[in-house]
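Structure first, then comments.
Rule-based calculations on the coordinates, nothing more; no lab input. Every value quoted in this text rests on a predicted model; they were computed, and no experiment measured them. Positions of Cβ are generated from backbone atoms using ideal geometry, with glycine treated the same way; all protein chains shown enter the neighbour counts.
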Amino acid sequence: MERPAWAPRSIDISVPSVSRIYDFYLGGSHNFEADREAARRVMEFAPGLPKTMQANRAFLRRAVRFAADEGITQFLDIGSGIPTFGNVHEVAQSARPGARVVYVDHDPVAVAHSQAVLEGNADAGVVAADLRKPREILAGPEVQRLIDLNRPVALLLVAILHFVEDADDPYGAVAELRDALAPGSLLVLTHASYEGIPLPPERTEGAVDVYKDIRNPLIMRSREEIARFFEGYDMVEPGLVSPPWWRPESATWNPDDEDPWAFSGFAGVGRTA
């Protein structure tokens, strides 16, 4: 298998990565055949997943603009993945010139491409770290340089928590990050769930099995389980909903115009008191 020039030498390109599979769903080009093969296997059971991922990204952009409109100028995006059109720093800095953004990911390809995209942008940086180790994230040099934890921060956990197993205490990690944030901070979150998927759960379990096979288990949590991540936050209207229902941009938006797969999972924003 030929290694592209942009691929860090340290990675095994024969092993699929969830961030590169996500890149493939979004139509990106920074993925390998192993990633594409895994994505195709997933889509045998969940053919509409690309629409789900597009709805996630659209929600992320709306939530970032909302945060900027609320006066927040600091964004910490954990599990940021490989840069795609409409990145957080592009949306935030367009709405709030001088807004500071730190991306966090543990995939070397995501980190390398984030560094390339951010070259020359003094108000944005990237940290190689894992959500399961909040202290390492908060101690990261770019977080220390760019994020003032004494002022409100938008903490972005979009399409990441469903890759953290209960044994790794995702609720504890989210709570530790929450406790480090100033009052008025926001939590922006999306999470996969069987709820909203336009197929019976037993059909989509095959997709979950593929992620298990590539040693990146996909944890499908219920709405109640996802809501627990917002403990210590006041939910922003309209609460925890399917991504397209969270503050659609157009007053004439019609849910009937959306692909049914866009309504898979949940999205929400919470504010610390």
task: Please sort by residue number the chymotrypsin sites (Phe, Trp or Tyr not before Pro) in region 180-273 whose DSSP state is loop and whose Cβ has at most 15 other Cβ atoms within 10 Å.
output: Trp253
query: Counting Lys and Arg as +1 and Asp and Glu as -1, each charge on the Cβ, what is the dipole of region 224-263 about the Cα centre in debye, to the nearest 20?
result: 120 debye
field: Formal net charge of residues neighbouring Val104 (Cβ-Cβ distance under 15 Å; K, R +1; D, E -1)
entry: -2
statement: With DSSP loop assignment and no more than 13 other C-beta atoms within 10 Å, the trypsin sites (Lys or Arg not before Pro) in region 169-273 are Arg215
- request: Report the charge-dipole magnitude of the chain in Debye, nearest 20, computed about the Cα centre from +1 at each Lys and Arg Cβ and -1 at each Asp and Glu Cβ.
  value: 480 debye
- request: Using only Cα atoms, locate the centre of region 239-254 and the centre of region 185-229, then give the distance between them in Å, rounded to an integer.
  value: 20 Å
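Enumerate by residue number the GluC sites (Glu not before Pro) in region 190-273 meeting two conditions: DSSP loop (anything except H, G, I, E, B), and at most 14 other Cβ atoms within 10 Å of the site's Cβ.
Working: sites: Glu195, Glu202, Glu205, Glu224, Glu225, Glu231, Glu249, Glu258; in loops: Glu195, Glu231, Glu249, Glu258.
Loop-located and lightly packed - Glu231, Glu249.
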- prompt: Kirkwood Rh, region 33-120, all Cα pairs: how many Å?
  reply: 14.4 Å
Reduced Cα scattering model of the chain, Debye log10 I(q)/I(0), q = 0.09 Å⁻¹: -0.38
field: Whole-percent pair-distance distribution, where bins are 10 Å wide, for the alpha carbons of region 120-273
entry: 10, 34, 33, 20, 3
statement: One would report the antiparallel percent of DSSP beta bridges in the chain, rounded to the nearest 5, as 35 percent
